[in-house]
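Undergrad: After the structure tokens below, expect a handful of questions from me.
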Amino acid sequence: MARYEIIGGNQLNGTVTISGAKNAAVAILPAALLVNGKCRVENVPDISDVRILLSILEDMGVVIQREPNGVVELDCTNIRNTNPNPELVCKMRASYYLMGALLSRFGKASVALPGGCSFASRPIDQHLKGFRALGAKVTETEEYVHLEPGENGLQGNRVSLDVVSVGATINIIMAACLLPGQTIIENAAKEPHIVDLANFLNTMGARISGAGTDTVKIRGVESLQGGNYAIIPDQIEAGTYLAAVAAAGGNVLVQNVIPKHMSCITTKLAEMGAKIINYDDAIRIQSDGKLHCTTVKTRPYPGFPTDMQAQICVCMVVAEGLSKLTESVYETRFFGYCSELERMGAHIEVIGKTANVTGRPKLRAADVVARDLRAGAALVIAGLTAEGVTRVSDIHYVERGYERLVEKMTALGANIRKVED
Ligand code: EPZ
């Protein structure tokens with residue numbers, strides 16, 4: 001197993017370039033299955049979730065060519081395997097997108113239940129509700145979901161989600177693309193990666209409107225043709241670097257971002273005392289590392305993202321005063337990292353959905369364990385601020401979603417290295 005070793009105390013200065021959005025890439029790559037031709041996708045992050053997904057697609061017969069600097073070409077003309085390799089599927093959560101893509105293109109799918117970060121129970125009942133509304137017969141076993149046409153066949157329909165779900169919104173958009181008739185998704189999620197997926201599919205000939213609002217309309221088409229597309233920058237990776245500079249101090253230009261996607265995050269960091277300057281496709285952050293306490297409530301987009309909960313918590317831990325952090329999406333997400341931060345001297349009291357964080361001037365280095373992707377990123381930020389050597393183990397979680405983290409942090413002046421056991 002590998003770990004990061006971080007010697008804290010350095011401020012962060014310079015420029016960091018943000019990679020393509022993980023949560024857009026893990027939707028757009030399976031969506032290529034809908035295309036009867038070649039797709040050329042740019043700005044694909046080189047992270048383990050993407051590498052696993054490309055292995056799954058290749059195993060299904062997709063011809064994949066990876067070019068340097070994040071370009072991936074996928075040819076899905078000749079695939080017939082609608083049962084993706086279960087050993088690979090159970091390694092990541094987003095593999096459930098294969099269900100919607102295969103149902104739409106081939107009218108059937110047998111996909112193992114997904115894996116991924118286990119910071120909360122992560123049901124897929126809304127995904128399956130959508131597939132049933134589109135006329136699919138859904139058979140669930142302990143380990144699999146089997147989809148096939150129901151007695152009236154597959155066709156567009158109205159789907160009203162009981163929960164604002166990113167995954168269900170994306171899966172139903174994919175499932176509806178090639179079905180006859182029109183589908184309307186109500187109470188849809190509005191995240192930027194949903195808009196990115198819709199833009200990708202529309203580039204290939206789909207007819208999707210309303211992505212980014214709570215009502216998405218999909219008019220089914222006969223087939224999709226190949227084309228070129230570039231994935232949006234990763235708002236959470238960008239937010240993670242912004243939080244790192246806010247907590248450790250420094251002056252960094254974060255480039256290749258869409259400031260509009262970041263406004264909830266930058267507003268909060270500014271409230272805490274960081275100086276934020278927005279440019280067209282970059283954000284500069286300046287901080288002396290002395291932050292004020294604040295209150296954060298996570299919400300689906302455009303609210304403060306739950307995927308930034310752990311990172312902003314570290315900013316609160318080193319801020320002056322009592323901060324409150326309330327989680328509205330995954331109530332148990334705190335337990336992935338709060339106990340580890342307490343080993344570093346943090347004072348966090350979790351009562352129900354809210355963490356009361358009493359700021360400490362300094363954290364102390366410790367040996368800590370990453371229990372999920374964003375928890376691991378938060379522990380890296382904590383290590384940057386702590387006096388001494390912090391060792392973060394189980395960093396395979398972090399490498400699921402952060403491209404070249406050690407290289408990017410080192411370029412900013414962090415003292416961090418990856419050590420293989
Ligand atoms: C996506 O997960 C992201 N993952 C998560 O990012 C992110 O935290 C989450 O959206 C919320 O923004 C990917 O995009 C691969 P949801 P997803 O369906 O789609 C409940 C990261 O760190 N729900 O929007 O699984 C669910 O329990 C990862 O990059 C149902 O009840 O999230 C949760 O409480 C972690 N039934 C809420 O909805 C369902 O069928 C939101 O979940 C689906 C979800």
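Undergrad: In contact with a Ser or Thr (Cβ under 9 Å, 6 or more places away or on another chain) and either basic (Lys, Arg) or surrounded by 19 or more Cβ atoms within 10 Å (Cβ to Cβ) (or both): which single residue out of 341, 322, 412, 373 fits that description?
TA: 412
Undergrad: Determine, yes or no, whether residue 329 is within 14 Å of the ligand (Cβ to nearest atom), of a type in the set (Val, Ile, Thr) and touching a Lys or Arg at 6+ places or on another chain (Cβ under 9 Å).
TA: yes
Undergrad: Another one. Which residue is nearest to residue 261 (Cα to Cα), if the candidates are limited to segment 302-350 and must be among the aromatic types (Phe, Trp, Tyr) and in contact with a helix residue (DSSP H, G or I) (Cβ under 7 Å, 6 or more places away or on another chain)?
TA: 304
Undergrad: With away from the ligand (no atom under 16 Å from the Cβ), out of contact with any Ser or Thr (no Cβ under 8 Å at 6 or more places or on another chain), open to solvent by 30 Å² or more (accessible area, probe 1.4 Å) and acidic (Asp, Glu) as the only criterion, which of 367, 280 stands out?
TA: 280
Undergrad: Right, here's the next one. Filter the strands (runs of 3 or more DSSP E) completely within segment 201-242 down to those with at least 2 residues that are touching a strand residue (DSSP E or B) at 6+ places or on another chain (Cβ under 7 Å) and either open to solvent by less than 10 Å² (accessible area, probe 1.4 Å) or in contact (Cβ under 8 Å) with a residue 40 or more places away in the chain (or both).
TA: Hits in segment 201-242: 215-219, 227-230.
Undergrad: On to the next question. Touching a strand residue (DSSP E or B) at 6+ places or on another chain (Cβ under 9 Å) and among the polar types (S, T, N, Q) - does that describe any residue in segment 367-386?
TA: No, because not a single residue in segment 367-386 is touching a strand residue (DSSP E or B) at 6+ places or on another chain (Cβ under 9 Å) and among the polar types (S, T, N, Q).
Undergrad: Output the qualifying pairs, or none if there are none: Cβ atoms under 7 angstrom, residues six or more apart or on different chains, first residue in segment 320-344 and touching a residue at least 24 places away in the same chain (Cβ under 8 Å), second residue of a type in the set (Ser, Thr, Tyr) and more than 16 Å from the ligand (Cβ to nearest atom).
TA: 322/358; 323/294; 323/295; 324/295; 324/354; 325/354; 326/354
Undergrad: So, in segment 162-193, exactly how many residues are more than 8 Å from the ligand (Cβ to nearest atom), closer than 16 Å to residue 96 by Cβ and surrounded by fewer than 24 Cβ atoms within 10 Å (Cβ to Cβ)?
TA: 0
Undergrad: Which of the numbered conditions does residue 86 fail, given that it passes all the others? Conditions: (1) away from the ligand (no atom under 12 Å from the Cβ); (2) within 28 Å of residue 18 (Cβ to Cβ).
TA: The number of the failed condition is (2).
Undergrad: With the checklist (1) open to solvent by 20 Å² or more (accessible area, probe 1.4 Å); (2) within 29 Å of residue 163 (Cβ to Cβ); (3) away from the ligand (no atom under 15 Å from the Cβ) in hand, flag the one item residue 261 doesn't pass.
TA: (3)
Undergrad: Note down all Cβ pairs under 6 Å where the first residue falls in segment 83-94 and is closer than 18 Å to residue 397 by Cβ and open to solvent by 10 Å² or more (accessible area, probe 1.4 Å), the second is of a type in the set (Asp, Glu) and more than 16 Å from the ligand (Cβ to nearest atom), and they're at least six residues apart or on different chains.
TA: Filtered contacts from segment 83-94: no entries.
The values are calculated or read from the model by the stated rules, or taken from the named source; none is laboratory data. Remember, predicted model here, so these are calculated numbers, not experimental data. Every residue, glycine as well, gets a Cβ built from its backbone with ideal geometry; the counts of neighbours run over all protein chains shown. Calculation scope for accessible area: heavy atoms of the full protein, side chains included, ligands and nucleic acids excluded. Shrake-Rupley method; radii C 1.70, N 1.55, O 1.52, S 1.80 Å.
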